[in-house]
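The values are calculated or read from the model by the stated rules, or taken from the named source; none is laboratory data. Computed from a prediction, not measured in an experiment: that's the story for all the values here. Cβ coordinates were reconstructed from backbone atoms using ideal geometry, including for glycine residues, and neighbour counts include every protein chain displayed.
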Amino acid sequence: MRRRVTSPRHLERVFAPPGDKSISHRSAILNAMAEGEAVVTNYSPGGDCASTLRCLRALGVPIRRLDSENSFVVLGVGLDGFREPADVLNAGNSGTTMRLLSGLLAGQPFLSIVTGDGSLRSRPMDRIIRPLRQMGARIQGRDGDSKAPLVIRGGDLHGVDYVLPVASAQLKSCLVLAGLFARGETRLQSPAASRDHTELMLQRMGATLVEDGLTVTVKPGQTLHAMDIQVPADFSSAAYWLVAGVCHPSARVTVTNVGINPTRTGLLDALKAMGARLTVSNPRSQGGEEVADVTAESSDLTATEIGGDMIPRLLDEGPVLALAACFARGTTVIRDAQELRVKESDRIKT
């Protein structure tokens, strides 16, 4: 099949991307762990977030769809109200689903098996298996306990002091959730900043988390209170339109109601370093998250070098940043992005 793609002479667009994937996963999982009823709106319509809802239902969490698109009610079962699943939990292609639920399941007094599609079963899971075992969970995986499917016998966890080998929000969130079920404090130290959606949401739900620089301390034995959440628009989805706006010779693109959590907006900083014309307007707080409208206009880009602590803040946007670099004068260098090789695919290769 042949298709012709015609570039418009002028690109002008105002739109709202779909709901943020990272916040969507957490809005469902954390409200399921809470007590009370919560309404979640603008939930991500993608398959990954649907996998999270499917797994939560299999664990006995009542979730009722509302008439409005991508909205539902979660009736939280509390930390101790989950039930043993009758079948294997399938996370599909979602690493977030598998890793965060593993932290939850490590604290449950029953057997769980979590699997995923071929891509997810090839991704590294030893990074969650090792610390969960240190906390007392009995957990096994395929290929020398490094890959899914994961067999988890949870319960009777104890707190640990753990230094994360990589700056990973999924790993950190997994251990934070496990820490809620543990005896004693769990102290986690990251090598660099990573997404903090879990910490922000838990604190608004009543959890006591102590943050000191790159260290998070989890206090166990707490009751979470359900919280209505309007999910902001997804920054990673907005990124493609923002890059189109700065690269097109005649463009003005505005994305509205998009999350601008500082742990997510490394792309904006990188593009500004390249000379991009970007404007952040109407900043506000929505459910504890920073939200704004972002406008991108045609720009004359110059090459730059990016690496170090900025990489975790733009990891998902690495490929589209490489696209922007193609339109910049000079050679752009992106360092320290090895985590791109263990995503859904090898994003550096593909």
Residue among 329, 347, 313 that is farther than 30 Å from residue 227 by Cβ, of a type outside the set (Val, Ile, Thr) and at pLDDT below 95: 347
Selection over the range 96-109 where residues are crowded, with 24+ Cβ neighbours inside 10 Å and not aliphatic (A, V, I, L, M) yields a count of 5
Condition broken by residue 48, with the remaining ones in (1) within 24 Å of residue 225 (Cβ to Cβ); (2) acidic (Asp, Glu); (3) buried (at least 17 other Cβ atoms within 10 Å of the Cβ) satisfied: (1)
Can you pull out every residue in the range 285-334 that is among the charged types (D, E, K, R) and either more than 22 Å from the chain's Cα centre (by Cα) or not assigned by TED's automatic domain parsing to the domain that holds residue 245 (or both)? 297, 300, 305, 329
Cβ pairs under 7 Å, 6+ apart, first in the range 63-86 and in the same structural domain as residue 181 (by TED's automatic domain parsing) and of a type in the set (A, V, I, L, M), second surrounded by fewer than 16 Cβ atoms within 10 Å (Cβ to Cβ) and part of a loop (DSSP other than H, G, I, E, B): 73/66; 75/62; 77/60
Got a sec? Which of 57, 99 is of a type outside the set (Asp, Glu), assigned to a helix (DSSP H, G or I) and either over 20 Å from the mean Cα position of the chain (by Cα) or not assigned by TED's automatic domain parsing to the domain that holds residue 218 (or both)? 57
